[in-house]
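First the structure, in the form of structure tokens, and then the observations on it.
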Amino acid sequence: MRKLFLALLLFLLTTATAYADAAPGDTIVTYGHNLTPAQKEQIKGRFGAPSGAQEITVTNQEEHKYLDGLLSKSVIGTRALSSAMIQVAEQGNGINVQTNNITWVSKAMYENALATAGVKDAIVKIDAPSPVSGTAALTGIMKAYETVTGTKIDENQKKVASEEMVTTAKIGDQIGDKEKAAELLTRLKAELAKQTGNMSDDQLREMIRNVANQMGLQLSDSEIESLVSILRKIQNLNIDWNKTLDQISSYKGQVQDFLNNNPEAKSLVQEILQFLKNLIDQILSWFK
């Protein structure tokens, strides 16, 4: 029992250390490298960043690092203008995104992509001096999150998150509803969370068609294939989606419905809670 207690203590200490680098309220602002001084001051005022907030810049070269091959170079452009402010939130609050002058990427798309990248519990504001697509902002947010928390995001997760955002935005254009596209990705991730092993491409296609039909969406073969591609990459990240999905503030209700309406998932949660209760009882008994 002493070994069990020491293992539990080590787990708690490790968990506490992961959050020791950042505290709720810690804020960092990332500015596009090509903003003029006047534009920077304008965005800074709209962000309402607290006094003393750390500031960093993101270059167009950094944007190209994650977006080349996903979008044409003409779409990515040659200047970095979009900016973001990220503030550490209380644990359990999830990711909450606000946007201004962002025309192509919705807040739910950012939340989805950031959850895939491993970002947790953050308030994010994204802005630009004039209307822009918003694809480059994700790079700045991930860089800012790494800086403020001291947590390094895996490079592959960054690339998959960027591809997920672009794929969702393109499907949103094709079906004429960006929010529906973001919800589709969230539901597909929830379906992945039910799986105990990797799915074949045919199984992924069937899953995509079933979820799309439930939402009343008609997807083309090319749209389905693009989703198969990104879901395969998401699946290979080996992320615990039962935890990660709860970070997406835009669909917290739907994720909770998934847990409540899925007998297997609900049973698993109940088993875990019972295990923890028994563990605590044993520890208290050991102390007595």
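The values are calculated or read from the model by the stated rules, or taken from the named source; none is laboratory data. These figures come from a predicted structure and were not determined experimentally. Methodologically, a virtual Cβ is constructed for each residue, glycine included, from the backbone with ideal geometry; neighbour enumeration extends over all protein chains shown.
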Out of (1) modelled with pLDDT of 85 or more; (2) over 15 Å from Met109 (Cα atoms); (3) surrounded by 11 or more Cβ atoms within 10 Å (Cβ to Cβ); (4) of a type in the set (Gly, Ala, Ser), the one Ala265 does not meet is (1)
When restricted to Tyr110, Tyr66, the only residue within 12 Å of Ile141 (Cβ to Cβ), hydroxyl-bearing (Ser, Thr, Tyr) and under 13 Å from the mean Cα position of the chain (by Cα) is Tyr110
Counting only residues in segment 63-81 that are outside any loop (DSSP other than H, G, I, E, B) and touching a residue at least 60 places away in the same chain (Cβ under 8 Å), the one farthest from Lys40 (Cα to Cα) is identified as Leu71
Residue hits (segment 121-139; buried (at least 23 other Cβ atoms within 10 Å of the Cβ), within 13 Å of the chain's Cα centre (by Cα) and not in a helix (DSSP H, G or I)) are Ala122, Val124
So, first residue surrounded by fewer than 21 Cβ atoms within 10 Å (Cβ to Cβ) in segment 101-113, second residue in a helix (DSSP H, G or I), Cβ within less than 6 Å, six or more apart or across chains; the pairs are Trp104/Ala169
Those residues of segment 154-177 which are surrounded by fewer than 20 Cβ atoms within 10 Å (Cβ to Cβ), in contact (Cβ under 8 Å) with a residue 12 or more places away in the chain and not acidic (Asp, Glu) amount to Asn156, Gln157, Lys159, Lys170, Gln174, Ile175
Sole miss for Val148 among (1) touching a residue at least 24 places away in the same chain (Cβ under 8 Å); (2) within 29 Å of Thr36 (Cβ to Cβ); (3) in a helix (DSSP H, G or I); (4) within 16 Å of the chain's Cα centre (by Cα) is condition (4)
Any residue at all in segment 160-171 that is out of contact with any Leu (no Cβ under 6 Å at 6 or more places or on another chain) and more than 22 Å from Ala80 (Cα to Cα)?
-> yes
Q.
Given the condition modelled with pLDDT under 95 and at positive phi, answer yes or no: does some residue in segment 102-120 qualify?
A. yes
Within segment 25-54, residues loosely packed, with under 15 Cβ neighbours inside 10 Å and in a strand (DSSP E or B) come out as Gln54
I'd like to check something: does segment 192-207 contain any residue that is surrounded by 14 or more Cβ atoms within 10 Å (Cβ to Cβ), within 23 Å of Val124 (Cβ to Cβ) and either at pLDDT below 90 or not polar (S, T, N, Q) (or both)? no
Legend entry - Residue check, Pro50 more than 19 Å from the chain's Cα centre (by Cα) and modelled with pLDDT of 90 or more: no
Out of curiosity, is Ile230 over 17 Å from the mean Cα position of the chain (by Cα), under 19 Å from Thr116 (Cα atoms) and at pLDDT 90 or above? no
